[in-house]
Amino acid sequence: MRAALEEDLPLAPSLSLACANRASTHEYERAFMVVTRRPRMATLGGVIFIVSNVFGSWALIFPVTPLLVSAVGGSGFAAGGTTGVFMTATIAAQLATPTLLRRYDFRPVVVSGCLLLGLPCIALVQWSHDITALMVISAVRGLGFGLVTVACSALPPHLSTSDRLGRAVAAQGMANAASQTVFLLIGMQLFRAGGVVAVSVVATAMAVTAALAALGLPRAMYGAIGAHSDSESTRGVLKRPIALASLAVVGIAAAYGGLSALVPLVGYPQSTHAGVILATVGGTVVAGRFVAGHYSHRILDRRSTAQIGVVAAIAGTMCFSVAVTSANAAFPVALAGAMAFGFGLGWIQNVTLMRTLVSVPPHRVGFASAAWNISMDAGIGLGATMTGAVADHSGFGIAHLSSAVIIALTVALPLAARQNRSQQHRQVMREVPASRE
């Protein structure tokens, strides 16, 4: 795993200019201009279009697969296991993506990822009653999702100048969050109204549309920009802060994975309520990240400020625990929990990402970004599987309470740990290629 992570993603122009050894600044800028002037879709808007469709296709099916498993008599463990299998495959693909990018460049990797994510959705129509087939479909889709997420997170630096890189990354992050929020809600409504056929067709169409758009990517973008090679690829990396941040990411992601797997299985008064709850979580994640980003200087310097997200996330999981035992107020309490948990999730995501980035020198930002993404996906898969097992044994209420305990132990404590002094004073560029935001 470490070796794969150390095969860094292509660096942003602003980073490569600082460390390129084989080309002068003039030669580098000329190569960059050749790439960005390629015809068809060498624009950030095109990348945002691809990402929006990819995350929309993912969000449509994400809450539906556990429902299909449950409908054929599968246990809560099996229902959550579909998410676990998906995320395991995603991580495997993310580990391999840097090597694939170096060998085949962006276009084939992104197109392949989109097709692997979308085409298996059609198989859901035929195999929706077979739990084993649902697991296999989840695994294949996870491979595609892993390829696209890592590759697309490296595209904005190649399609924007260094002075606009921060805006480019922010725009892509907002597109991700908005697409997830909207299509989580639409996916549940489509499934209730038209069954697995309707949601599968739309998810497939969105992924195929993204693949067609990706055909407009330049053929040799990776090769023209080049990548920095460092014989000591982990030199300058502060391992303890990264380990603490990664543990916190796994913890909060596990709580999110468990929540996403259980919410569709709870019998709320109306069938659309589960979709509304999941969409609310996605929407308030954006708010949490925005507010945390505004106060990022205080978050890094004060351990108590970082705990705001922890308190909100724990309060949210407690609300979900109460909601499953409250027949009359189930939906309002769950909705309040979704708002609190989503805000806390967004806050913690921003805190951990910032602490990860300031723990590495500029030329290792790709390593930090990949580590953060893999921790997030691993936590979602682990949380969905383990929370499903707890729900089978002790019920939904105890399962949500266990998520609160996980947050307290694996998120609150690492974020409370004193940061290394050299980390606090490390100079990091203002604009860096961040991960999936």
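The values are calculated or read from the model by the stated rules, or taken from the named source; none is laboratory data. All figures in this text were calculated on a predicted structure; none of them were measured in a lab. Here the Cβ is made from the backbone with ideal geometry for all residues, glycine too, and neighbour counts use every protein chain on show.
Structure notes:
- Residue check for Ala261: small (Gly, Ala, Ser), modelled with pLDDT of 80 or more and touching a Leu at 6+ places or on another chain (Cβ under 6 Å): no
Condition check ((1) assigned to a helix (DSSP H, G or I); (2) at pLDDT 50 or above) across all residues:
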position: Ala31; (1), (2): yes, no
position: Arg40; (1), (2): no, no
position: Ser57; (1), (2): yes, yes
position: Thr65; (1), (2): yes, yes
position: Phe77; (1), (2): yes, yes
position: Thr82; (1), (2): yes, yes
position: Phe86; (1), (2): yes, yes
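- Which listed residue, of Leu119, Leu155, Leu134, Leu147, is more than 19 Å from the chain's Cα centre (by Cα), buried (at least 21 other Cβ atoms within 10 Å of the Cβ) and assigned by TED's automatic domain parsing to the domain that holds Leu212: Leu134
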